[in-house]
Structure formats: C-alpha cells, structure tokens
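Structure first, commentary second.
The values are calculated or read from the model by the stated rules, or taken from the named source; none is laboratory data. Since we're looking at a predicted model, the values are computed, not measured. Here the Cβ positions follow ideal geometry from the backbone for every residue, glycine too, while neighbour counts run over all protein chains shown.
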Amino acid sequence: MNKGQKVKRRRSREAAERLGGGQVAYIREMSSSEAKQMFPAIKGLPRGINLFALHAADGTPIAITDTRSAAVEHASDDQLLIATVH
C-alpha cells in the first residue's frame, strides 16, 4: 500500500467515524473463521458456517449472530440505522 492509499483509507475511516454520530451501523456476513479472528474472546464458534456481524459505522464490532434477522433486531433494539455497504 502506498502513502496515498494510506491517507485515503484514514480519511475514509475518519468520515465513517463521524457518520451518524453513533446511530448508524452495518451488517457484514462472514465465515466462522473470519469471526474467530474478529471476535477472539468468543469460544466454541462452529466451523464451516456463515455468521452475521453488526458493526458501528466506524467498523467497531457490536455483535455477532447466526442469522441476518437477529443482527437486524439487535440494531433495532439499539436504535441503530442500518446502512447498506457494497
């Protein structure tokens, strides 16, 4: 990664941190292997399944679950708006 890419990534992260003032989140589907890396404190995650992680707009993980609908419900309970990320 060159210096310009690092600056762009940092600016993008700073913009995301300001987005929604803590009221915006996104849901990311991930493999159980990815989930183990992102959530090392969680023991006993089953292998070979996809999970759904709820993240704050700045990328901070909030919750992990086995269904998208449960992640949506968690966001709703926390009064978070869900942004679509492509």
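Scanning region 67-86 for residues that are without any contact (Cβ under 8 Å) to a residue 60 or more places away in the chain, part of a loop (DSSP other than H, G, I, E, B) and touching a strand residue (DSSP E or B) at 6+ places or on another chain (Cβ under 7 Å) turns up Thr67, Leu80, Val85.
Please work out which residue is nearest to Ala25 (Cα to Cα), limiting yourself to region 41-66 and to residues that are in a loop (DSSP other than H, G, I, E, B) and touching a Leu at 6+ places or on another chain (Cβ under 9 Å).
This residue is Ala57.
Within region 30-86, the set of residues being among the basic types (Lys, Arg) and out of contact with any Phe, Trp or Tyr (no Cβ under 7 Å at 6 or more places or on another chain) comprises Lys36, Lys43, Arg47. Annotation for region 13-22: no member residue is modelled with pLDDT of 85 or more and not polar (S, T, N, Q).
In region 29-40, of all residues being hydroxyl-bearing (Ser, Thr, Tyr) and not in a strand (DSSP E or B), the one that is nearest to Ser69 (Cα to Cα) corresponds to Ser32. Just one residue in the set Asp77, Asp58, Asp66 is exposed (fewer than 11 other Cβ atoms within 10 Å of the Cβ) and of a type outside the set (A, V, I, L, M); that residue is Asp77. How many residues does region 24-60 contain that are among the aromatic types (Phe, Trp, Tyr), modelled with pLDDT of 90 or more and more than 15 Å from Ala75 (Cα to Cα)? The number of residues fulfilling the criteria is 0.
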